[in-house]
Amino acid sequence: MADEKRKGPRDNGAPDYKKNLHPLMAKNYGQWSYHEKIKPGVLVHVAENGDKLYTVRAGSPRTMSVDTVRKICDIADKYCQGHLRFTSRANVEFLLAKKKDIGPLIKEVKEVLGFPIGGTGHSVSNILHTQGWLHCNLPGTDAAGSVKALMDTLMKEFESDNDLPARVKISASCCQINCGGQGDIAINLQHHHPPVIKPEGVGICELPKVVAICPVAAIRPRQQDDGVTTLEVVDEKCMYCGACHGQCPTMEIRDAKTDTLTIWIGGKTASTRNGPSFMKLAVWGLPNNPPRWTEVSDAVHKILDAYKATAYKYERMGEWVERISWQRFFELTGFPFTKYHIDDSAMARTTYNTSAQVRF
Amino acid sequence: MADEKRKGPRDNGAPDYKKNLHPLMAKNYGQWSYHEKIKPGVLVHVAENGDKLYTVRAGSPRTMSVDTVRKICDIADKYCQGHLRFTSRANVEFLLAKKKDIGPLIKEVKEVLGFPIGGTGHSVSNILHTQGWLHCNLPGTDAAGSVKALMDTLMKEFESDNDLPARVKISASCCQINCGGQGDIAINLQHHHPPVIKPEGVGICELPKVVAICPVAAIRPRQQDDGVTTLEVVDEKCMYCGACHGQCPTMEIRDAKTDTLTIWIGGKTASTRNGPSFMKLAVWGLPNNPPRWTEVSDAVHKILDAYKATAYKYERMGEWVERISWQRFFELTGFPFTKYHIDDSAMARTTYNTSAQVRF
Amino acid sequence: MSEKKKKIETPMVDELLDGPWPSFAKDLKEWSSKKPQVGQLLGQLNQSYEDKWNYWQGTVLNVDGYGGGVIARYSELAEEYPDIAQFHTIRVIPPAGWVYSTESLRNLCDIWEKHGAGIMQLHGMTGDILLLGSDNKTTFEAAEELFENGWDLGGSGGALRTLACCVGEARCEMACYDTMKTTTDLTNRYISQLHRPEFPYKYKFKLSGCANDCGCSMQRSDMPIIGTWKDDIRVDQKEVAAFVTEHGADFVRDNVINRCPTRCITLNKKKIEIDNKECVRCMHCINVMHKALRPGVEKGVTILLGGKRTLKIGDTMGVQLVPFMPLKTEEDYDKLYDLVERIWEFWGENAMDHERVGEFIARVGLGTFLDGVGIDPDARMVKAPRTTPYIKFEEITPGRMGGEAEDDPAVSNAEVEQMEKA
Amino acid sequence: MSEKKKKIETPMVDELLDGPWPSFAKDLKEWSSKKPQVGQLLGQLNQSYEDKWNYWQGTVLNVDGYGGGVIARYSELAEEYPDIAQFHTIRVIPPAGWVYSTESLRNLCDIWEKHGAGIMQLHGMTGDILLLGSDNKTTFEAAEELFENGWDLGGSGGALRTLACCVGEARCEMACYDTMKTTTDLTNRYISQLHRPEFPYKYKFKLSGCANDCGCSMQRSDMPIIGTWKDDIRVDQKEVAAFVTEHGADFVRDNVINRCPTRCITLNKKKIEIDNKECVRCMHCINVMHKALRPGVEKGVTILLGGKRTLKIGDTMGVQLVPFMPLKTEEDYDKLYDLVERIWEFWGENAMDHERVGEFIARVGLGTFLDGVGIDPDARMVKAPRTTPYIKFEEITPGRMGGEAEDDPAVSNAEVEQMEKA
Ligand code: SRM
Ligand code: SRM
Ligand code: SRM
Ligand code: SRM
Ligand code: SF4
Ligand code: SF4
Ligand code: SF4
Ligand code: SF4
Ligand code: SF4
Ligand code: SF4
Ligand code: SF4
Ligand code: SF4
């Protein structure tokens, strides 16, 4: 029987969420009435019956040793009736039944874990990110490291909840596949030329599959003089997306010499007000500079400064730029507007200014 | 010398506009200060120096005998110092120096020409239209006739200048080439299937040119059993645009049995407020029914009624629908929303509702 | 199909004789007493109404030295209607802004009664005077007499087309530049390009004195030229106060303040303030309060490119190419000409056959187009920058101009790499 | 490349040890005293920092009976760092909403310390618990122990992926449906599709309790399910008055009234009125005045389809497919399942390899897709109807589903016509 078990899939499915809920969550499930901010990083949710559940949000590095996770559990056992949660931005949320526990808990989180408290309200919360050089096979840059470097410069924005006009969501991705989410600000790796085919690798992948994956049919098989079938990429069709690289490592799309970082702004997933929006290119050509990527943090701060200075309250970054115009965005930040900012996709025409409206 | 002249191009260029200007236009050229409405169809433009130029706008059928044009000239000679103009919507504008001439002029325009006065301010002005069966080689419907039939039902809207929330510009086109302009409301002919190749005609046009004109490469040459080269159209690629028909009459795109009329709304060329906009499909499948096309006028009135009832002042039709939503437009007018209303062009994705925003 | 008859019956067309809107049918029916071909025209039209079918075929006819300007038609029902066997239209360039002296209009009428069917359309959608109904002989005679009287043929085919403009400074206080002069100057400077098709496809200019675009340039011309201003809106606060008094502050708020696309207007009691840095010159506030507000005094034009209607890639609109250009001095005009010629050169050399400039831009991309014409990118050219991260850096992969894939395009391949290593 | 050393130096990574934000580097460095492979991991990372180059290669490893859930990696620097020669990640399905008892978290820690490198990521972008650092043997051992403790593997490959949802009714007064239950039910019902790839490509659900979309569904999931309500916003006028008193009427006007996308709110003194027919359930007013305003009581979900990020056709967002569906009773859930299955069937049969459902819709058109899935068109599915007049009437020319052109497509040609006549 043990053997049988070992061979087949168990298909256990998802853990029972009910067993994991904080007792006050279970009791007041679907019965919450309102919430209030207590201070940055600290919320209280009040149930219809008056019950109060306190939440302390702590910034987390996402990648943790089990020792660190156990320390988190220790704190939750002490103050949170043995329950906690993580947010969709990888922060830790400590759930408390008693208001008086907030202070001691925060003290312990800071001292034991070194995690800052914040990320609520109109703050810069944790940065959504990907694997980078720590684990993926495709990255052109690091993720955890570059995010650590950038967050080090954004503590004020994380730890306050009304320093900014609205929530600012940042994400980072380490190749053009973009496992990172959309964001008010997104930092993405940018490839600059078609893949270079590593001759030693040709043959290790299924050639037809590699040919088939290319979205623009830029890859085609090619007979070499020696009779061996290899691949070639039609440069003018290739858009450097890297899909082939995911399929076959031989299609090397990365290039330590030319890969750069780009910053995209104005992404939004919420259907609030103007609705969701895609992010758009703000800056390209930033050097990929480990270990602190200062050019990136400088650019991010320029954007945040302009936003803080001129956005209305409750105006997300994309809504702000839409209002003030991209022309003003480039003026305010000093970034150049180049031909590469102009869309050239099949839908490019919908992005052109097809009106005589003009600002000076 | 006369002979020489007859052979070469004269390249006279444009007539000298200065010689054609009404004396008050010439005198106050670039020196106008403001204008006022006197009554529907009648404007006064006041120059910096106080000069006043009165304009009486009369609806015209556009297609006229020289006799009618001479009658227009007679009136202009009598009241307008021998000057008049036509508008970009083919209306006649009588230019007067004296206010007291307005009444007698209007009387004469109505009696002699039978032209109505109006088309100014927030009215339905003359309908922009094309050749139709009167002269073009491509039409699937008539133009002058269908416009006459429709305008007969829109006299109230033409002769008043504040019956509508804003200006309503209508246009009509007689094949999918659409020589008619954009419009708040546009009535266009719609083809419903790929061209049928008339065998007797194959060979009269340059085959490579016909093949080349197709925007979606749906046409290809084909060897017949008898060795003759003919053409064939790949149905699934063809979008019934009729470009090939313009190139070669053999590619018959029209079909008296299936061609219908479609109504598109919300087009706007002015960069005012929301800026220019394309018109969008409101109703398809209206029968092409000479000589009075009543189904079309019924549909147009449904649209105008809904617009009058719910638009704000100064809100052009496209701005109105954008505000109230297309969902409400279809509810208000009772027209069905079908899958054919959903864009399927390369830019279709930009037209989908990519938000959770929803009305009930 | 109906049989040949002596008297032409037009029962369906006759249903358009009455009704309040002026009837072209009635006019032509009356006129047919003088010109039998007009009666036959109505006969053929009636046949079309009955059959829902058209009976004109197109053909080509050119006046010596001209490559366009005549739209030639022959009737498929010529047996029945012999006088319209050939029934061509001559396109004639009108005076800018369609302002006429009765003298010049009568001159046209006379020529056309003499040589043609005496039917005129004032005006065609492009802006031409259309003279309907000449045959293979009278077309030439009419053209000759038109030329002698100072008229000229309009455009057709892959050529510059007849220009059109709004009435502008001749009668409109909104006008920010001289549309009539510019139309006339462009026509005359490029009259050869208008008469002798040498472009990949047609090219239309339409000119409007302000953003109201009464000249319909945005979606119906390849090169819209639209008046604008650079400095501040001129405000006459006395007139503002009068307007507010007359209409009420609520009216002003609902119809002016809240309709400004950038909300850059504020009303303080009976005084208006405009944040001109945020004004996009949309004209709305000026339209509503045209006695109180006026465009600034540093006037000029915004130049757009690539508008057209549907055929092939669907409707397009002009894209903002030059946010501001003054158009006063000769030097200003030279800059405009220079721009036009650079565009024609680049488009002419690189476009495919039958490819409008807007289609060309859609194909090669605005960025590549700007490079080709030598214009610096400006954020005002776009609503927003790109969303897709697939940026092709042309330093590395030059953009493709030609329509067809090259036989031997540049490729990256393994062999080359191997060779490099060897 | 650097030489093999006894002590691993990581000077560049070390620059990330300090600074106010918690350092994964510091954590892992400390942890490496227990797990040597973690030190080697940092060594390889440091090499990457120096070379701006990555040293992982991908490979495939599957637990028996599973077609995904393990992301297998081997190091190109295995000679230098032998203990990370194989260094896989196991994806584990978390409890819905990422709420944990410390007991269950500790259980995971224990398993992972025992069988793996003891590195966890809480959580992956899709929502999985990521356990980093097992080899070809320990992966199986870890999986076995995970299964025995009630855990299960997450998705990868052309399969249903691990679902994610916002905290919803467990701690949020905005929630309009039970995101945690729906996530858990969908996971369990479709656990086979999650474990054994049988789709053209990946399929993600993300669930958010309201339009705020804290679950990031719109652009990062194929099927966003978002809470909404059908009746009126509940207004507590006493709280409204309190809010106006506290913040002032101007604040309410600037931040609530004027920010409503359809401007359907009016403020009369200290009373708010909402024209609920025009409200688009955007949540904004409720967000700002969350003590005074609440979603209605007739709650349910809006279902969208086709969101994803960049690869291939660029970012896409969910398209509104079902404006409203209640999600309370078993019958309601059955309707959801039925919809999901119809979509999977149509997409599964007609999509190309590696074609997400959003890409499929982009290719075949939303109209065709609706037909295929059996949903009636609704004007709410679009921002606006089509602009292009090239309508393909499918009664006459059926839409093409397959990716490749048929060898022998239907054609219209002259010969056929001739034959018909004969
Ligand atoms: C905990 C979390 C949900 C979860 O299940 O994990 C959450 C929780 C709350 N969100 Fe959120 N949101 C969370 C991620 C998001 C995301 C997704 C993301 O961050 O990537 C979004 C969409 C972002 C976007 O549009 O790109 C999101 C958009 C919102 C909004 C809409 C903001 C706007 O555009 O107007 C609100 C409403 C508000 O701000 O008043 C909101 C409001 C809230 C409230 C106030 C809801 C409530 O009544 O409890 C919660 C406390 C928020 C706070 O931070 O002050 N939450 N919220 C997530 C915390 C992430 C973090 O650690 O920072
Ligand atoms: C005479 C004419 C120009 C010409 O050179 O022929 C003209 C003349 C005037 N237009 Fe126009 N417009 C004329 C065609 C247009 C067009 C083109 C068209 O009709 O196809 C448009 C653009 C339509 C569009 O957006 O699709 C046009 C959009 C405007 C607007 C902008 C309306 C808006 O969207 O807000 C104004 C401003 C206004 O209404 O206050 C305007 C205002 C005016 C004013 C008030 C300008 C002035 O101060 O003199 C003129 C008198 C208008 C009246 O009718 O009350 N005119 N106007 C055209 C008359 C056409 C006709 O016979 O009906
Ligand atoms: C006469 C006129 C309609 C009218 O009744 O007013 C007209 C009539 C024809 N148009 Fe047009 N177009 C006329 C203005 C337009 C306009 C409107 C405009 O210029 O403002 C357009 C849309 C704007 C644009 O340029 O896109 C227009 C877009 C077309 C097209 C499509 C061009 C395109 O690239 O999309 C064609 C087809 C072609 O060129 O191959 C076309 C072709 C034709 C032809 C020559 C049909 C043909 O290919 O044989 C028609 C000749 C009819 C005839 O018997 O006279 N006509 N045509 C207009 C010209 C009169 C004039 O010179 O003033
Ligand atoms: C681990 C993770 C990033 C992270 O650090 O959190 C990740 C990592 C990888 N992603 Fe991803 N993706 C991860 C979430 C995402 C997301 C975000 C999401 O799900 O919300 C996206 C964008 C949303 C979407 O689905 O479009 C995403 C879009 C992709 C794509 C592009 C898919 C597309 O159709 O556009 C690929 C490439 C592919 O599938 O061929 C990809 C492929 C990959 C692969 C498997 C690379 C490969 O092809 O070998 C990466 C494995 C890295 C590793 O070593 O573990 N990953 N990937 C995320 C999964 C963790 C988890 O299960 O919780
Ligand atoms: S973004 Fe690219 S490199 Fe980074 S984790 Fe995703 S697939 Fe890997
Ligand atoms: S990078 Fe993308 S576009 Fe270029 S060959 Fe590879 S798959 Fe094709
Ligand atoms: S719309 Fe078509 S049929 Fe009508 S005039 Fe233009 S080309 Fe001819
Ligand atoms: S109708 Fe248009 S799409 Fe169809 S074959 Fe002719 S040119 Fe091509
Ligand atoms: S476009 Fe402007 S300048 Fe020209 S007529 Fe219209 S309002 Fe006057
Ligand atoms: S012209 Fe338009 S943008 Fe400028 S202030 Fe007036 S309404 Fe606003
Ligand atoms: S999406 Fe809505 S229900 Fe879910 S956590 Fe965010 S605010 Fe609450
Ligand atoms: S939920 Fe949004 S749309 Fe509805 S009333 Fe509030 S702000 Fe307006």
Regarding C:ILE71, is this residue closer than 21 Å to B:PRO139 by Cα and within 26 Å of the chain's Cα centre (by Cα)? yes
For the condition in contact (Cβ under 8 Å) with a residue 12 or more places away in the chain, out of contact with any Lys or Arg (no Cβ under 8 Å at 6 or more places or on another chain) and not β-branched (Val, Ile, Thr), what is the one hit in B:PRO61, B:PRO104? B:PRO104
Against the definition (within 16 Å of ligand 1 (Cβ to nearest atom), within 11 Å of another protein chain (Cβ to nearest Cβ) and of a type outside the set (A, V, I, L, M, F, W, C)), how does A:SER171 come out, yes or no? yes
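Condition check ((1) at pLDDT 90 or above; (2) crowded, with 18+ Cβ neighbours inside 10 Å) across all residues:
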residue: A:ALA166; (1), (2): yes, yes
residue: A:CYS174; (1), (2): yes, yes
residue: A:GLN190; (1), (2): yes, yes
residue: A:PRO195; (1), (2): yes, yes
residue: A:GLU200; (1), (2): no, no
residue: A:VAL211; (1), (2): yes, no
residue: A:CYS214; (1), (2): yes, yes
residue: A:GLY227; (1), (2): no, no
residue: A:THR230; (1), (2): no, yes
Which of (1) part of a helix (DSSP H, G or I); (2) free of Cβ contacts under 8 Å to residues at least 12 places away in the same chain is the odd one out, the single condition A:ALA76 does not satisfy? (2)
How about segment D:29-118: which strands (runs of 3 or more DSSP E) wholly inside it have at least 1 residues that are modelled with pLDDT under 95? D:56-59
So, in segment D:305-345, of the ones that are out of contact with any strand residue (DSSP E or B) (no Cβ under 9 Å at 6 or more places or on another chain) and buried (at least 20 other Cβ atoms within 10 Å of the Cβ), which residue ends up nearest to A:CYS238 (Cα to Cα)? D:LYS312
So A:ASN178 ticks every box in (1) touching a Pro at 6+ places or on another chain (Cβ under 9 Å); (2) part of a loop (DSSP other than H, G, I, E, B); (3) away from ligand 1 (no atom under 16 Å from the Cβ) but one. Which box is left unticked? (3)
Matching residues in segment D:187-208 (facing chain A (nearest Cβ under 9 Å) and hydrophobic (A, V, I, L, M, F, W, C)) number 2
Just to be sure, is D:THR228 within 16 Å of ligand 4 (Cβ to nearest atom), hydroxyl-bearing (Ser, Thr, Tyr) and either assigned to a helix (DSSP H, G or I) or facing another protein chain (nearest Cβ under 7 Å) (or both)? no
Members of segment A:234-248 found to be touching a helix residue (DSSP H, G or I) at 6+ places or on another chain (Cβ under 6 Å) and more than 15 Å from C:ILE391 (Cα to Cα), listed by number: A:CYS244, A:GLN247, A:CYS248
Can you find, within segment D:162-174, the residue that is farthest from ligand 3 (Cβ to nearest atom) among those that are part of a loop (DSSP other than H, G, I, E, B) and crowded, with 24+ Cβ neighbours inside 10 Å? D:ARG171
Residue check for C:GLY157: outside any helix (DSSP H, G or I) and within 11 Å of another protein chain (Cβ to nearest Cβ): no
Consider D:VAL373 carefully, then state whether it is crowded, with 20+ Cβ neighbours inside 10 Å and touching a residue at least 24 places away in the same chain (Cβ under 8 Å). no
Criterion (more than 16 Å from ligand 11 (Cβ to nearest atom), surrounded by fewer than 24 Cβ atoms within 10 Å (Cβ to Cβ) and not in a loop (DSSP other than H, G, I, E, B)) met by exactly one of C:LYS206, C:LYS238: C:LYS238
Considering each of B:ALA90, B:ALA14 in turn, give the residue that is in contact with a Pro (Cβ under 7 Å, 6 or more places away or on another chain), facing another protein chain (nearest Cβ under 9 Å) and outside any strand (DSSP E or B). B:ALA14
Go through B:THR87, B:THR63 for me and flag whichever is under 21 Å from the mean Cα position of the chain (by Cα), modelled with pLDDT of 95 or more, closer than 30 Å to C:SER217 by Cα and surrounded by fewer than 24 Cβ atoms within 10 Å (Cβ to Cβ). B:THR87
Qualifying residues in segment D:256-288 (those that are loosely packed, with under 15 Cβ neighbours inside 10 Å and within 14 Å of chain B (Cβ to nearest Cβ)) - the one nearest to D:LYS299 (Cα to Cα): D:LYS277
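Rundown of residues vs (1) without any contact (Cβ under 8 Å) to a residue 12 or more places away in the chain; (2) under 15 Å from B:THR55 (Cβ atoms); (3) buried (at least 21 other Cβ atoms within 10 Å of the Cβ), yes/no style:
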| position | (1), (2), (3) |
| --- | --- |
| B:GLY82 | yes, no, no |
| B:VAL92 | no, yes, yes |
| B:LEU95 | no, yes, yes |
| B:ILE117 | no, yes, yes |
| B:VAL124 | no, no, yes |
| B:HIS129 | no, no, yes |
| B:GLY132 | no, no, yes |
Given (1) in contact with a helix residue (DSSP H, G or I) (Cβ under 8 Å, 6 or more places away or on another chain); (2) at the interface with chain C (Cβ under 7 Å from one of its Cβ atoms); (3) surrounded by 17 or more Cβ atoms within 10 Å (Cβ to Cβ), index of the condition A:PRO290 fails: (2)
Condition broken by A:PHE330, with the remaining ones in (1) in contact (Cβ under 8 Å) with a residue 24 or more places away in the chain; (2) of a type in the set (Phe, Trp, Tyr); (3) part of a helix (DSSP H, G or I) satisfied: (1)
Among residues of segment C:267-290, those that are more than 8 Å from ligand 10 (Cβ to nearest atom) and either outside the structural domain of C:VAL244 (by TED's automatic domain parsing) or touching a Leu at 6+ places or on another chain (Cβ under 6 Å) (or both), counted: 0
Give me the pairs, please: first residue somewhere in segment C:276-290 and under 26 Å from B:LYS37 (Cβ atoms) and without any contact (Cβ under 8 Å) to a residue 40 or more places away in the chain, second residue anywhere and near ligand 2 (Cβ under 7 Å from one of its atoms) and in a loop (DSSP other than H, G, I, E, B), beta-carbon distance under 6 Å, and either six or more positions apart or on two chains. C:HIS284/B:THR272; C:HIS284/B:ARG273
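The values are calculated or read from the model by the stated rules, or taken from the named source; none is laboratory data. Bear in mind the structure is a predicted one, so any value in this text is a computation, not a measurement. Reconstructed Cβ throughout: ideal geometry from the backbone, glycine too, with neighbour counts over all protein chains shown.
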